[in-house]
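> Before I ask anything, here is the structure I am working with.
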Amino acid sequence: MPVTGRLRLESRSGVPRMLSVFGEVEKFNDPVDRNIPGDDEDILEPSFSGLDLGPPPDHLLQYARLHLEELPDAKESVIQEFKDFIYERGDVMPHRMDDPFLVRFLRARRFNVEKAYRLMTRYYQFKENNPEMHDEVNPLHLKFIGDDDVLSVLPYREQTGRRIMIYKMGNWNPSLYSMDEIMKATVAVLECAILEERAQILGGICLIDMGNVSLQHAWNITPSIASKIVELMVTSFPVRTHAIHIVNQSWVFDIIYTIFRPMLDERMKEKIYFHGDDLDSLHAHIDPKFLPARYGGVQPEFSYMDWMDSLRNNPRIVRELDSLGYTFLPDEVKREFDDDAEKLLPLPSRIKCWH
């Protein structure tokens, strides 16, 4: 039974060295942090803006060529090879087959067609296995996630041009809502973030604050939940995780991490950093001028709804979310396009789960 964009009932189912989870790794290990030329080569101050839906600047295309095997002369032929591979294998029927959509998967797997295909298959399998994460979900109705300040996205990029998603897990009250609700919000955030070609090329950064996490939280992170989180953040979504920074962790985190560790490969473990309450350690990776004050920075706090409110007035983003099965009330979002609407890529019919 093919995995399909239209979900079917029968198919459901100086560089300091820091200590990572797996060992010592360099603070930064890609040239975008050093000498890639470009107008915004050095981001000196935070620039507050919504999603950048335009083409990436030349220096990021150079980065993609050097590190993602995105070769201009071969790109078109690789995309066609990917399309042919999808049709020939027949295991997955994407809800879109336009080039920009396929490039997300190719970039996430360094333009290796077979690996990109496996990622695409897992992406749709995750959707089929977890329709409650997206089908008929209204991202704006997850406002309570923002009210509790559990999940947020900073509305600017840090010094290497990457966005930061922050979880404050101690603010989550498991007696009021489950981890699934946080995951719904996470999926919506990632689906929006991956619209940025910058994010497709550079990946993103996740900061997980484990302050005030208790045994009650740990009891609610079951192996099943952990598996879903790993699928979402590592194996089944076309986004590259550049680094995960863990701060303010206590002994309770050790209990939680014992569930996750067997699910992570060595490459992923090398991207995870424990900082505890040592903000200098965190600042060796993220310049404090790009962090909220609670993490030794100078920026204010932002919530999940700050992110969503900035996106719901963009018709292209709304249309993208519509195609993925999300739903909005008529007066909640802006659906009218401006004079450049004809330049927007057409999106096929939305993903649905037929019962």
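The values are calculated or read from the model by the stated rules, or taken from the named source; none is laboratory data. Because the structure is predicted, anything quoted here is derived from the model rather than measured. Please note: Cβ atoms are built from the backbone with ideal geometry, for glycine as well, and neighbour counts cover all protein chains shown. Please note that ligands, DNA and RNA were not included when accessible areas were found on the heavy atoms of the full protein model with its side chains. Shrake-Rupley method; radii C 1.70, N 1.55, O 1.52, S 1.80 Å.
> Can A218 be described as open to solvent by less than 20 Å² (accessible area, probe 1.4 Å) and in contact with a strand residue (DSSP E or B) (Cβ under 6 Å, 6 or more places away or on another chain)?
Numbers: open to solvent by less than 20 Å² (accessible area, probe 1.4 Å): yes; in contact with a strand residue (DSSP E or B) (Cβ under 6 Å, 6 or more places away or on another chain): no.
When the stated conditions are applied, A218 does not pass them.
> Specify the residue that is farthest from the chain's Cα centre (by Cα); the eligible residues are those in the range 264-280 that are assigned to a loop (DSSP other than H, G, I, E, B) and of a type outside the set (D, E). Steps first, answer last, please.
Quick first cut of the range 264-280, residues assigned to a loop (DSSP other than H, G, I, E, B) only: 264-265, 270-271, 277-278.
Add one more test, that the residue is of a type outside the set (D, E), and what stays is 264, 271.
Values: L264: 17, K271: 15 Å.
Among those that are assigned to a loop (DSSP other than H, G, I, E, B) and of a type outside the set (D, E), it is L264.
> Continuing with this model, one more query. Please verify whether the range 225-235 includes one or more residues that are farther than 29 Å from V318 by Cα, more than 22 Å from the chain's Cα centre (by Cα) and small (G, A, S).
no
> With respect to S250, determine if the residue is among the small types (G, A, S), open to solvent by 20 Å² or more (accessible area, probe 1.4 Å) and out of contact with any strand residue (DSSP E or B) (no Cβ under 6 Å at 6 or more places or on another chain). Break it down stepwise before answering.
Values: among the small types (G, A, S): yes; open to solvent by 20 Å² or more (accessible area, probe 1.4 Å): yes; out of contact with any strand residue (DSSP E or B) (no Cβ under 6 Å at 6 or more places or on another chain): yes.
It is true that S250 is among the small types (G, A, S), open to solvent by 20 Å² or more (accessible area, probe 1.4 Å) and out of contact with any strand residue (DSSP E or B) (no Cβ under 6 Å at 6 or more places or on another chain).
> So, in the range 116-154, how many residues would count as being surrounded by fewer than 23 Cβ atoms within 10 Å (Cβ to Cβ), in a helix (DSSP H, G or I) and among the charged types (D, E, K, R)?
6
Conditions tested, residue by residue: (1) at pLDDT 90 or above; (2) crowded, with 19+ Cβ neighbours inside 10 Å; (3) among the hydroxyl-bearing types (S, T, Y).
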| residue | (1), (2), (3) |
| --- | --- |
| F274 | yes, no, no |
| D278 | yes, no, no |
| P300 | yes, no, no |
| L321 | yes, yes, no |
| F328 | yes, no, no |
| D338 | no, no, no |
| A341 | no, no, no |
| L345 | no, no, no |
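> Counting only residues that are within 18 Å of the chain's Cα centre (by Cα) and either assigned to a helix (DSSP H, G or I) or acidic (D, E) (or both), how many does the range 155-178 have?
2
> Another question, then. Working only within the range 175-191, note down all residues that are touching a helix residue (DSSP H, G or I) at 6+ places or on another chain (Cβ under 6 Å) and open to solvent by 10 Å² or more (accessible area, probe 1.4 Å).
M179, K184, listed by residue number.
> Which members of the range 281-296 meet the condition of being under 23 Å from the mean Cα position of the chain (by Cα) and either surrounded by 20 or more Cβ atoms within 10 Å (Cβ to Cβ) or in a loop (DSSP other than H, G, I, E, B) (or both)?
Hits for the range 281-296 are L282, A284, H285, I286, D287, F290, L291, Y295.
> Which one is nearest to L142 (Cα to Cα), of the residues in the range 302-319 that are open to solvent by 60 Å² or more (accessible area, probe 1.4 Å) and assigned to a loop (DSSP other than H, G, I, E, B)?
R312
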